[in-house]
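Comments concern the structure below.
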């Protein structure tokens, strides 16, 4: 997942623009996410425990998979400078260690006021949707609009 970044200003965006990345989920990714998040649920970390669950083995944290959406938004579309405002997530199926996750986002709405961009987001494994949702991000403008100076305070 070392693809170069792309960067769009709000004025460069158009409905239907898409971007995606692929990431193979590694055991050390899951362990690292557990360390970072503090979520040490054994369904993610213990083969012995996870084998006895309905999943039959270890699965990645749902929010690990969701974090891959952030990688697309922050590095590809819209890219550096985009700021998350909200994200909905629907977890459809487990992601297992060794799975190759394809993360895709598509511009579905542009709101000039506040330079907001709404994107449909989905994560797929072997062509099956494992997570979907919608992100709302604020996107930098091509030219910076200066702010009005703050009023001077009275003595």
(request) Scan segment 1-25 residue by residue and report those that are within 15 Å of residue 63 (Cα to Cα) and part of a loop (DSSP other than H, G, I, E, B). (result) 25
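Return the residue satisfying two criteria in turn: it lies in segment 88-98 and is assigned to a loop (DSSP other than H, G, I, E, B) and in contact with a helix residue (DSSP H, G or I) (Cβ under 9 Å, 6 or more places away or on another chain), and of such residues it is surrounded by the fewest Cβ atoms within 10 Å (Cβ to Cβ).
This residue is 98.
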(request) Please verify whether segment 102-124 includes one or more residues that are within 27 Å of residue 4 (Cβ to Cβ), in contact with a strand residue (DSSP E or B) (Cβ under 7 Å, 6 or more places away or on another chain), modelled with pLDDT of 95 or more and not in a strand (DSSP E or B). (result) yes
(request) Considering only segment 1-19, state which residues are at pLDDT 95 or above and in contact with a helix residue (DSSP H, G or I) (Cβ under 7 Å, 6 or more places away or on another chain). (result) 19
(message) Just to be sure I understand the filter: pairs with C-beta atoms under 9 Å, separated by 6 or more residues or on different chains, first member in segment 126-155 and on the phi > 0 side of the Ramachandran plot and part of a loop (DSSP other than H, G, I, E, B), second member at pLDDT 75 or above and surrounded by 10 or more Cβ atoms within 10 Å (Cβ to Cβ). Which pairs pass?
(response) 126/99; 126/100; 127/102
(request) Would you check if residue 46 is closer than 16 Å to residue 123 by Cβ and surrounded by 13 or more Cβ atoms within 10 Å (Cβ to Cβ)? (result) no
(message) Pull out all pairs, ordered by first then second residue, where Cβ-Cβ is under 9 Å, the residues are six or more apart or on different chains, the first lies in segment 40-69 and is within 22 Å of residue 86 (Cα to Cα), and the second is at pLDDT below 95.
(response) 68/1
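Of all the residues that make up segment 55-83, how many are part of a strand (DSSP E or B) and closer than 17 Å to residue 131 by Cβ?
Going residue by residue through segment 55-83, those that are part of a strand (DSSP E or B) are 59, 83.
Cutting the leftovers down to closer than 17 Å to residue 131 by Cβ gives us 59.
Count: 1.
The values are calculated or read from the model by the stated rules, or taken from the named source; none is laboratory data. Computed from a prediction, not measured in an experiment: that's the story for all the values here. As a convention, Cβ positions derive from the backbone with ideal geometry for all residues, glycine included, and neighbour counts pool all protein chains shown.
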